[in-house]
Amino acid sequence: MLPDGSSRVFVQLSKVVRVEERRTLGTFTYVLKGVQIPHPNNRHALVTVHFDTPVTRARLVPHGAEAHFVVEVRSPVVPTWKLTPQHDGMALLEVLFPPFKLPTETPAP
């Protein structure tokens, strides 16, 4: 979570690639063209259900000659994303979410 209450998830890539966004109810998928996931550990999900973010889970999924960065959300939000080239030839894909507050639980009567 960022100081203003917004949040982001990101993937560092070894090169600049073409990105295609796909939206469905509760899921945003970023198709990373020509990307392979070389380390199995990078396929584990980042679970964020206990944090003040609309994101519940983010994970990289291999899909043939591309990889899918799948971000699941708990509320209707509209994220923005950007792919930023880095000075060393690498790139950073960032998905930015607006501020979100987890609902507080009310004690049972």
Net lengthening on full extension, HIS39/VAL61 (0.36 nm per residue, minus Cα-Cα) = 6.8 nm
Quick one: dipole size for the chain, taken about the Cα centre, charges +1 on Lys/Arg Cβ and -1 on Asp/Glu Cβ, in debye to the nearest 20.
-> 240 debye
Once both label points are put 7 Å beyond Cα along the C-beta direction, the ASP52-GLU20 separation in nm becomes 3.8 nm
What percent does the relative contact order of the chain come to when contacts are Cα pairs within less than 8 Å and at least six residues apart?
-> 33 percent
So for VAL47, VAL17, VAL71, fewest C-beta neighbours within 10 Å to most, what's the order?
-> VAL47, VAL17, VAL71
Find me the longest stretch of the chain that has none of the exposed trypsin sites (Lys or Arg not before Pro), where exposed means in a DSSP loop (not H, G, I, E or B) with at most 14 other Cβ atoms within 10 Å.
-> 19-100
Within the set of other residues whose C-beta is less than 12 Å from the C-beta of GLN12, count the net charge using Lys and Arg as +1 and Asp and Glu as -1.
-> -1
Return, for the Cα atoms of the chain, the radius of gyration and Dmax in Å, separated by a comma.
-> 15.2, 59
Computed lengthening from ARG74 to LEU102, 0.36 nm per intervening residue step minus Cα-Cα distance | 9.1 nm
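Rule-based calculations on the coordinates, nothing more; no lab input. What you see is a predicted model; the values in this text were computed from it and never measured. Please note: Cβ atoms are built from the backbone with ideal geometry, for glycine as well, and neighbour counts cover all protein chains shown.
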